[in-house]
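Peer 1: Got a structure for you, written out below as C-alpha cells; questions coming shortly.
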Amino acid sequence: GAVVSQHPSWVICKSGTSVKIECRSLDFQATTMFWYRQFPKQSLMLMATSNEGSKATYEQGVEKDKFLINHASLTLSTLTVTSAHPEDSSFYICSARDLLGRDAYEQYFGPGTRLTVT
Amino acid sequence: AQSVTQLGSHVSVSEGALVLLRCNYSSSVPPYLFWYVQYPNQGLQLLLKYTTGATLVKGINGFEAEFKKSETSFHLTKPSAHMSDAAEYFCAVTRNRDDKIIFGKGTRLHILP
C-alpha cells in the first residue's frame, strides 16, 4: 500500500522555460502533500505544504511565484517551476500524508524528479 | 521547535561489522521518530518508526533503533553490515499528525569490503 509516484523522473529544460512536475498518490487519498528540494549530498529542504483544495503554505525563503503548487484533487499535486534558471537544477521530491489513514503521521515519499536547467 | 542532529556525515564500517548511526532530537512534546534510507537518485524509503509503546523498534533489512527519552536519542543499528546497506540515512522527527517532518542532515554509510 501507500505508493506515491512522480512524473517525470527526470527532465532537462532550457533556461527561461517552465516545467511541471506531478505527484500522485496511487492507492490512498493524499489530504496533504509536501514538496521538498534536495541539493547534492544534502538533506531534504521542505519547500511547501499543500492541502487539497486550498492554497499551499510556503516555507520561509521559498518564492511562491516561482514555485507554483496546485493540489487540485486528493490524488494529485503539481509543482511548476516557472522561468527556470540553472540554479533551480535540483532533485525535487514529493511526499503525501493520508490523514484518514491509520498511520496519519507518516509521510509516503515519491521517487523524486531530477531537474536540470541548461 | 523541533530539531534533529545526526552525528557524523560519513560513517564507514567493514562488511559484517556492526552499524551504528547516531541521531539525537529535540522536541517539546513526545515525538514521533523515523529513519529513512535513500539510494542514489531515488526517493526516501522508510526503515522504521517510533510512535508509542515499545522503545526498541525493528525495521526492514535487519535494522533496529531504540528510543531513549532520557538521552533524547534514536540511534540506528544493524548487527552485520552488507554491501547493499551503502546509502544515505536520514533521521526525522515530527510532533503530531498535522505537523511537518523535520529531517536531519543525513549520514552516508560506506561499507568496506
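The values are calculated or read from the model by the stated rules, or taken from the named source; none is laboratory data. None of these values were measured; they are calculated from a predicted model. Note that each Cβ is placed from the backbone with ideal geometry, even for glycine, and that neighbours are counted across all protein chains shown.
Peer 1: Residues to consider are A:Arg97, A:Arg114; find the one that is within 9 Å of another protein chain (Cβ to nearest Cβ), closer than 30 Å to B:Leu48 by Cα and over 12 Å from the mean Cα position of the chain (by Cα).
Peer 2: That would be A:Arg97, the only listed residue that is within 9 Å of another protein chain (Cβ to nearest Cβ), closer than 30 Å to B:Leu48 by Cα and over 12 Å from the mean Cα position of the chain (by Cα).
Peer 1: Run B:Cys91 past the list (1) in contact (Cβ under 8 Å) with a residue 60 or more places away in the chain; (2) out of contact with any helix residue (DSSP H, G or I) (no Cβ under 7 Å at 6 or more places or on another chain); (3) surrounded by fewer than 20 Cβ atoms within 10 Å (Cβ to Cβ) and report the number of the one that doesn't hold.
Peer 2: That leaves (3) as the condition not met.
Peer 1: Of these, A:Phe67, A:Phe39, A:Phe28, A:Phe34, which one is hydrophobic (A, V, I, L, M, F, W, C) and farther than 15 Å from A:Ile93 by Cα?
Peer 2: Selected residue: A:Phe28, the only one of A:Phe67, A:Phe39, A:Phe28, A:Phe34 that is hydrophobic (A, V, I, L, M, F, W, C) and farther than 15 Å from A:Ile93 by Cα.
Peer 1: Then there is this: Sort through B:Ser26, B:Ser9 and tell me the only one that's away from every other protein chain (no Cβ under 12 Å), over 12 Å from the mean Cα position of the chain (by Cα) and at pLDDT below 95.
Peer 2: B:Ser26
Peer 1: As an exercise: evaluate A:Gly53 against (1) more than 14 Å from chain B (Cβ to nearest Cβ); (2) at positive phi; (3) at pLDDT 90 or above and give the number of the one condition it does not meet.
Peer 2: All conditions pass for A:Gly53, except number (3).
Peer 1: Here is a follow-up. Return the residues of segment B:84-108 that are out of contact with any Leu (no Cβ under 8 Å at 6 or more places or on another chain), more than 8 Å from every other protein chain (Cβ to nearest Cβ) and not in a loop (DSSP other than H, G, I, E, B); say none if nothing qualifies.
Peer 2: Within segment B:84-108, B:Ser84, B:Ile102 qualify.
Peer 1: Please work out which one of (1) of a type in the set (Val, Ile, Thr); (2) within 27 Å of B:Thr52 (Cα to Cα); (3) surrounded by fewer than 18 Cβ atoms within 10 Å (Cβ to Cβ) is the condition A:Thr82 fails and give its number.
Peer 2: The failed condition is (2).
Peer 1: Name every residue in segment A:82-102 that is farther than 16 Å from A:Gln38 by Cα and either modelled with pLDDT under 95 or not in a loop (DSSP other than H, G, I, E, B) (or both), in order of residue number.
Peer 2: If the condition is that a residue be farther than 16 Å from A:Gln38 by Cα and either modelled with pLDDT under 95 or not in a loop (DSSP other than H, G, I, E, B) (or both), then A:Ala96, A:Arg97, A:Asp98, A:Leu99, A:Leu100, A:Gly101, A:Arg102 are the ones that fit.
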